[in-house]
Amino acid sequence: MQGARVLAVAEFAPVAILLAALVLIAGAILAASHLIGPRRSGPVKDIPYESGVDPIGDARRRFNVRFYLVAVLFLVFDVEIIFLYPWAVLFLKVAQGSIADVAGFESLGYGPGFLAASVGFFFFLLAAGFVYEWRKGVFQWD
């Protein structure tokens, strides 16, 4: 039993080495920036950088709601696309027959056809949401 515990700890050694290296590198970067960095501040150095453009007006002005709507739509579609990666890996393994015997996909009816139909339904929902947003005029900038 003692040998199994030593083996389990030894398996985490690379992770511990990586974390220690990350902490050391982050500490070295912070120390170097503190030692090398500028120490004087002034009114010009204290303004926020705006791509070389002098800031004009109040920073707390109202933005059009459409900017936030487009940002939320981007996040929704971006997160939904992330769900396609595990499906693609699973579909490839099922189509090659490498996972069907181990996981029992064939006996449950989860073959390549079922996976293709499920992602087809997923794309249908994405397309329906996109058409709904289009008809609501979300993408028009008047």
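The values are calculated or read from the model by the stated rules, or taken from the named source; none is laboratory data. Just so you know, these numbers come straight off a predicted model, no measurement behind them. Positions of Cβ are backbone-derived with ideal geometry, glycine not excepted, and every protein chain shown enters the neighbour counts.
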>> Among the numbered criteria (1) surrounded by 10 or more Cβ atoms within 10 Å (Cβ to Cβ); (2) over 31 Å from the mean Cα position of the chain (by Cα); (3) modelled with pLDDT of 75 or more; (4) of a type outside the set (Gly, Ala, Ser), which one does residue 24 miss?
In response: (2)
> What number of residues within segment 62-121 are modelled with pLDDT under 75 and among the polar types (S, T, N, Q)?
Replying inline: 3
> Restricting to segment 85-96, what's the tally of residues that are surrounded by fewer than 14 Cβ atoms within 10 Å (Cβ to Cβ) and within 19 Å of residue 126 (Cβ to Cβ)?
Replying inline: 3
